[in-house]
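Q: Okay, handing you the structure first.
The values are calculated or read from the model by the stated rules, or taken from the named source; none is laboratory data. Note that the structure is predicted; figures quoted are calculated from it, not measured. As a convention, Cβ positions derive from the backbone with ideal geometry for all residues, glycine included, and neighbour counts pool all protein chains shown. Keep in mind that these areas ignore ligands, DNA and RNA; they rest on the heavy atoms of the full protein, side chains included. Shrake-Rupley method; radii C 1.70, N 1.55, O 1.52, S 1.80 Å.
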Amino acid sequence: MSLIYVVHKHRSRQLHYDLRLERKGVLMSWAVPKQPSNSGLKRLAMRVENHALDYAKFEGEIPEGQYGAGIVEIWDKGTWLPESVKKDKIVFELHGKKLSGRFALIKLANSEKSWLFFKLKD
Ligand SMILES: [Mn+2]
């Protein structure tokens with residue numbers, strides 16, 4: 001069974017990209033301040049709360065006054081295939097339109113929420 005992968009482009013107070021990967025019935029999520037790169041550039045990715053699976057399809061406006069107020073659109077979507085999932089390192093294949101290939105998410109030492117997200121070299 002294939003697992004959902006989606007990146008929401010989120011124009012809130014600060015433009016960012018929300019990377020979401022389906023795991024165990026929810027969407028693990030990271031907020032990525034700079035546009036994710038399909039060519040190996042390392043991007044900071046802040047772990048944020050899991051979202052419900054349904055949220056993968058969400059596009060629209062989060063009203064003023066609510067958390068994350070602003071415009072949300074789907075920037076990329078597809079499926080992902082976990083290769084190795086540890087608490088501080090995830091290696092996986094992405095099958096999206098903009099991002100595809102082998103990627104890694106690696107948690108920074110001494111940080112609670114900061115990870116790096118980048119494409120691995122072939
Ligand atoms: Mn967001």
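Q: Go ahead and set up a Gaussian network model of the chain, Cα springs under 10 Å, then flag whichever of 65, 40, 96 fluctuates most.
A: 65
Q: Can you list the aspartates and glutamates whose alpha carbon is less than 17 Å from that of residue 107, not counting same-chain residues fewer than 8 positions off?
A: Partners found: 18, 49, 83, 88.
Q: Related question: Kirkwood Rh, the chain, all Cα pairs: how many Å?
A: It is 14.5 Å.
Q: Normalising by the residue count of the chain, find the relative contact order in percent from Cα pairs under 8 Å and 6+ residues apart.
A: Relative contact order of the chain: 25 percent.
Q: Also, quick follow-up: Once fully extended, how much extra length lies between residue 46 and residue 116, figured as 0.36 nm per residue of separation less the alpha-carbon to alpha-carbon distance?
A: 24.4 nm
Q: Got a sec? Which residues in the range 1-36 would a label at residue 67 touch, if it sits 7 Å along Cα→Cβ and we count backbone N under 14 Å?
A: So the set is 29-31.
Q: Taking only the alpha carbons of the range 62-110, what extent do you get along each of the three principal axes, in Å, biggest first?
A: Largest to smallest, the principal-axis extents are 39, 33, 12 Å.
Q: Order 39, 12 by their accessible area, 1.4 angstrom probe, all chains in place, largest first.
A: Numbers: 39 100, 12 30 Å².
Sorted by accessible area, descending: 39, 12.
Q: Hand me the tally of lysine pairs in the range 45-102: alpha carbons under 25 angstrom apart, and the pair either on different chains or 8 or more positions apart.
A: Going through the range 45-102 pair by pair, I get 10.
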